[in-house]
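The values are calculated or read from the model by the stated rules, or taken from the named source; none is laboratory data. From a predicted model like this one, the values you see are computed outputs, not experimental measurements. Ideal geometry is used to build each Cβ from the backbone, glycine not excepted, and the neighbour counts take in all protein chains shown. Just so you know, the surface numbers come from the protein's heavy atoms only, side chains and all, with ligands and any DNA or RNA stripped out. Shrake-Rupley method; radii C 1.70, N 1.55, O 1.52, S 1.80 Å.
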Amino acid sequence: MLIYEMKIAPSPRRVRIFLAEKGITNIEYKEINLQTGENRTPEFRAISPFGLVPVLELDYGTHIAETLAICRYFEELQPEPPLYGRNPKEKALVEQWNRFVELNFFMPTGMCFQHTSSYFAKFKTQVPAWGELCRKGVHDFIERMEKHFADNEYLVGDYYSIADISAYCALDFSKVNDIRLGEQHVNTRRWHEAMKSRASAKA
C-alpha cells in the first residue's frame with residue numbers, strides 16, 4: 001500500500017499518528033508538494049479528484065481519499081486497538097466529537113491559513129475577512145475544549161480516539177496562524193502534553 005501525502009500538512013499527520021497507534025508500518029509514502037501545485041496535475045487529479053492529500057493507494061489499484069475514510073479503512077482492517085469507539089455509545093460520541101473538531105477547529109484552522117497567508121496566494125482567491133472569522137472560530141473552540149477538559153481526560157471521557165488525534169493535529173497546525181494555548185488553558189495544556197508524550201506523536 002502507498003500513501004500520497006505532504007508530510008508537513010496536518011491531515012497526512014493524522015493518518016500517520018493513527019497508523020502508529022495501530023502499529024501498522026508496512027506502508028510506503030510518496031511526497032506531493034502542494035505549494036508547487038503538484039497536487040493539481042491531471043495525473044494526481046485522476047486519483048484525488050479535489051487534489052487533496054492524503055490518498056491511500058491499495059495494492060489492487062483502488063484509491064481512497066480523505067483522512068477519515070483512510071483511517072476507517074485501517075480500523076476495519078485491524079480493529080485493535082480500537083480508535084473509533086469500543087461500544088455503540090462510545091462510537092457515537094467519537095463520531096460526535098470528531099465532527100465537532102472537523103467543522104469547528106480543523107477546517108477553520110485551514111481556512112484561516114489559506115485566506116490570510118501568502119502560502120497559497122497564487123492558487124486560491126483569498127478572502128481575508130473570512131480568514132479572520134475562522135481565526136475567531138478557532139479561538140472559540142479552544143475555549144470550549146478548555147471547559148470540556150476540566151472534567152474529561154480525552155474528548156470522549158477517559159478514552160483516547162481518532163477525535164483526539166484530529167484535535168491534536170489541528171492545535172499543532174494552528175501555530176501557522178499564530179494561535180497558541182495561553183497560560184490560562186490549564187486543562188487543554190494537560191491534554192496536549194499527554195498527546196505529545198505518546199510515541200505516535202512522532203510519526
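In region 74-167, Cα pairs under 8 Å separated by at least six residues give a relative contact order of 35 percent. Expressed as a whole percent, the accessible area of the chain that falls on carbon and sulfur atoms is 54 (1.4 Å probe). Rg of the Cα atoms in region 51-203, relative to 2.2 N^0.38 Å, amounts to 1.11. From a point 7 Å beyond the Cα of Glu80 in the direction of its Cβ, which residues of region 8-50 have a backbone N at a distance under 15 Å? Zone members listed by number: 22-24. In the context of the full set of protein chains, region 135-203 has a per residue accessible area of 48 Å² (1.4 Å probe). With each label modelled as a point 7 angstrom along the Cα→C-beta vector, the Val127-Asp151 pair spans 3.7 nm. Model label sites at Glu66 and Ile27, defined 7 Å from Cα along the beta-carbon direction, differ in position by 1.7 nm. Using the 1.4 Å probe convention, the accessible area of region 1-92 works out to 53 Å² per residue with neighbouring protein chains retained. Pairs of lysines in the chain whose Cα atoms sit within less than 17 Å of one another amount to 7, provided the residues are eight or more positions apart or on different chains. May I ask for log10 I(q)/I(0) of region 1-40 at q = 0.16, 0.20, 0.24, 0.32 Å⁻¹, from a Debye sum over the Cα atoms as equal point scatterers with solvent left out? One equal scatterer on each Cα of region 1-40 leads to -0.41, -0.61, -0.80, -1.14. Sorting the Cα pairs of region 148-203 by distance into bins of 5 Å, from 0 upward, gives 4, 18, 29, 29, 16, 4 percent per bin. DSSP beta bridges confined to the chain are antiparallel in about 65 percent of cases. Across region 91-147, counting alpha-carbon atoms alone, Rg and Dmax equal 13.1, 41 Å. What base-10 log of the normalised intensity I(q)/I(0) is obtained for region 44-109 from the Debye formula, alpha carbons as equal point scatterers, at q = 0.21, 0.27 Å⁻¹? Summing over Cα pairs of region 44-109 leads to -0.99, -1.14. Ranked by the mean number of other Cβ atoms within 10 Å per residue, highest first, peptides 180-188, 108-116, 128-136 order as 108-116, 128-136, 180-188.
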